[in-house]
Amino acid sequence: MPHPTNPFVPGHLTYRIERQLLITYENDCPPCYRVLHESQIHLRDDEIECFPCIFDDDVALITEGQEVAEDVLNSCKSDGIVRSVIHSVFGGVGDQHIADTHSPEMAQRLVEQLRLSSEHCNRSWEISTAHLPFDALLNIRRFFGLAYHARPTGCFVEFFQLPDRHAVGCQLFHTPWSNQNLEVLDLTAGELRQEQLATGIPEALVDVLHLAAEAEARFLVFDPFASVLEGLPVFTD
């Protein structure tokens, strides 16, 4: 499995489920959301919903039928009622809020669906040319000035050009470039890397290609107008 620090790895590796309480208080105030205090996380949803609570800026505690420590009572100054228990799904870049569900089972099913749908996602990437040094971009563009038979071949990567956008792209074959997957070809990832360098593919590009291939990407486009991919080196030359 690709390492989670690889920026090409799908965001489902960071999916998480958080139980939140929708609390109403004072008639003219909008409802607020809080997580349950750690001392009460063992409570079931039916022991929380529609029960009175106290809360502060971060957490809430159920007061009816529960023992609450004196110091916690003093820190939670607001009173309210838990109107609903929500199981929220967070994940992706920046740990974004994705959706709210009404049970842990529904939240888990949603996470599984997101994971399943993302298995074949992120096979095509458009990223900024800032991820390659200027001389590496020149070297790649030099390939397009060569006769087709003289371009780098046999390295599981084929280059193409998008002249209208001053962009360059490549198609990756036989990914992932792992020792296990390349074993049927009597090749290792390290040997493939050396072959790619020997054909004139810039080292900075080889590094990016292997990260993308590790995540089973198939197409990679470097475009000067595309966004920077967080986690990849950026070159300012």
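The values are calculated or read from the model by the stated rules, or taken from the named source; none is laboratory data. Note that the structure is predicted; figures quoted are calculated from it, not measured. Every residue, glycine as well, gets a Cβ built from its backbone with ideal geometry; the counts of neighbours run over all protein chains shown. Just the protein is used for accessible areas: all its heavy atoms, side chains included, with ligands, DNA and RNA removed. Shrake-Rupley method; radii C 1.70, N 1.55, O 1.52, S 1.80 Å.
Things to note:
- Label-to-label distance, nm, for residues given as residue 33 and residue 223 (7 Å Cα→Cβ offset): 3.2 nm
- Computed over the chain: relative contact order in percent, which uses C-alpha pairs under 8 Å that are six or more apart: 22 percent
- Coupling constants for the stretch 66-72 follow from the phi torsions by the Karplus curve (6.51 cos²θ - 1.76 cosθ + 1.60, θ = phi - 60°), and in residue order they are 10, 8, 10, 4, 4, 5, 6 Hz; glycine and proline get x.
- Translational diffusion coefficient (Stokes-Einstein; Kirkwood radius from C-alpha pairs) of the chain at 37 °C, 0.692 mPa s, in µm²/s: 151 µm²/s
- In this Cβ point-charge picture (+1 for Lys and Arg, -1 for Asp and Glu), the chain has a dipole of about 1300 debye about its Cα centre.
- Accessible-area composition of the chain, carbon plus sulfur, in percent [1.4 Å probe]: 52 percent
- Average accessible surface for the chain: 58 Å² per residue, computed with a 1.4 Å probe over protein heavy atoms with every protein chain in place.
- Fully extending the segment from residue 124 to residue 17, taken as 0.36 nm per residue of separation minus the present Cα-Cα distance, adds 35.7 nm.
- Residue 73-residue 103 FRET efficiency (beta carbon distance; Förster radius 22 Å; 0.05 resolution): 0.15
- Label-point separation in nm, residue 25 to residue 83, each point 7 Å along Cα→Cβ: 1.5 nm
- Residue 184 contributes an accessible area of around 120 Å² to the protein surface, as traced by a 1.4 Å probe with all chains present.
- Going by accessible surface with a 1.4 Å probe and the largest first, 186, 45, 135 read 186, 135, 45.
- Cβ-Cβ distance of residue 142 and residue 234, R₀ of 25 Å, FRET efficiency by 1/(1 + (r/R0)^6): the value works out to about 0.65.
- Between residue 171 and residue 203, the FRET efficiency from the beta-carbon distance, with R0 = 22 Å, is close to 0.65.
- Computed over protein heavy atoms with a 1.4 angstrom probe, the accessible surface ordering of 29, 155, largest first, is 29, 155.
- Span from the the stretch 153-174 Cα centroid across to the the stretch 32-64 one, whole angstrom: 55 Å
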